[in-house]
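Here the structure comes first, spelled out in structure tokens, and everything after it is commentary.
Every number in this text was worked out from the coordinates using simple rules, so none of it is lab data. Note that the coordinates shown come from a computational prediction; the quantities given were computed from them, not determined experimentally. Ideal geometry is used to build each Cβ from the backbone, glycine not excepted, and the neighbour counts take in all protein chains shown.
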Amino acid sequence: MKNPQSFKRAALAPLLAALVLAGCASVPPIDTSAVPAAPAAFKEGDGRWTTAAPAEAQARGEWWKAFADPQLDALVQRAGERNTDVQVAASRLAQARALLQSADADRTPQLGLAAGASRGTDANATTLPRSIGSQFNLGATLSYELDLFGRLSGASRAAALDAQQREALLQSTRLLVQANTAQTYLALRAADEELALMRDTVASYRNTERLVERRLEAGDVAELDLMRIRTQVASTESDALALERRRAELEHALAVLVGDAASAFSVAPQPVWSTALPVIPAGVPSTVLARRPDVSAAQAGMLAAQARVGVAKAAWFPAISLTANGGQASPELDDLFKWSARSWGVGALLSLPIFDGGRREAGERVAAAQLDAALAGYREQVLVAFRDVEDQLSALRLLSSQAEAQGRAVAAAGRASKLSESRYRNGLISQIDLLDAQRSELANKRQALQVRSAQYQATVGLVRALGGSWDGVERTGAVEQEDRVAAAR
């Protein structure tokens, strides 16, 4: 007869071996050399722009209020509540959180109740004919899987990182919608002012047309001069109509962003563009870029892929489950709840796959390949983040210089146009010279408006590239708006 202690040791041998193997189910480390090194500073600006690790949980602030435009504030608010892209991203986040809850449930004890009744012949009876009988049972089952190799915890961690990624993607979608709404609205306001300029120019050209008509009647000019100015009027009217078409498209795009039907949405024209242009300070804290939600999403996706490699490795090791059941069983329904009808049982199950045709090996290779892809995606997202900030910083710097130069050009062209009109009335220059001066003035004024519009677009682009608001921007925009109001008085 075997020694009881020897029997116990033999029974525990598979479990001890499993504990030894548990240390092998580890996740692979991330190759940090594959991630681009953060520069000490951005090359644009004054050198105080730095980077930091992702921190998407930080507040991004209501950055659009720096433009001091109540209608923009209302549109961005509506877009955040009703935009379909934001709603889809929120639904995907809810789905990811539900999957996390499901993964966590696998790590907890499972309790269930069962009841049954059957009637038939007794297959174990030794005499014929077999008697017909009934069987009633009522009981509970309890099961729990020991997570010795981290398979369940790894799956739970991967699901948590998936939910974190979806949360970051929701933040990214919300920021993108806010930026698109602001840029579309600002482009529409730029179109309003440019359209007002075009209409004023058409009115001015018509005055010149009437002057030429009078001079033609007096015999001072030829009919060719009248045809030239009429050509200029018609051409400018055509440009104004094209601009109206562009404005209508922007208004329709804005309707989609705020979740309205284009047919029932409109924004009243505003010929005078009074939206403030905030200036982003060069000394923005280093943690601002860290809030880019797309970078955080890529990082969470990479860590989730890393955790799934560990889950795939754990598939090589045994699964150990503990079970227990208890209840009542009786051939008579009246006796089902008697103490003598009680039944119970406990057990443990260890399952170790031996041959699966390469399924586990393939699963591990798939997980490793997904980790490589996630690491490459994270690297690309970091590089894109650096590029976006540099693009917008350089755009703002160059646009500021361009706006200054264009302002001088507008002043010179306006003076030249006035002088040409006076000299034409006195017969000192030809109509061609007058038209050239007027065309030059209009072209320079339109170019100045387009440069100003580009400054607004680049400012919003930099906000998006930085991941949201920054300290002091609201105050800066408010001060500029107060200066604008004071100057108007």
**OP:** With a Förster radius of 41 Å, plug the Cβ-Cβ distance of Ser321 and Ser134 into 1/(1 + (r/R0)^6) and report the FRET value to the nearest 0.05.
**Re:** 0.80
Original post:
Under a point spin-label approximation (7 Å from Cα along Cα-to-Cβ), what is the Asp200-Ser263 distance to one decimal in nm?
Top reply: 3.8
Subject >> Where labels lie 7 Å past Cα in the beta-carbon direction, separation of Ala117 and Asp372 in nm >> reply: 6.2
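So if each residue of separation counts as 0.36 nm, and I subtract the Cα-Cα distance between Asp433 and Phe355, what length gain in nm does that give?
Working: separation 78, 0.36 × 78 = 28.08 nm, distance 9.14 nm.
Length gained, Asp433 through Phe355: 18.9 nm.
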Original post:
Going by average Cβ neighbours within 10 Å, how do the peptides 452-458, 442-448, 79-85 rank, with the highest at the top?
Top reply: 452-458, 442-448, 79-85
Subject >> Highest-first arrangement of 300-313, 261-274, where packing means the average Cβ count within 10 Å >> reply: 300-313, 261-274
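Can you put Glu167, Glu251 in order of Cβ neighbours within 10 angstrom, beginning with the fewest? Don't jump to the answer; show the numbers that get you there.
Details: Glu167 22, Glu251 18.
Ascending number of Cβ neighbours within 10 Å: Glu251, Glu167.
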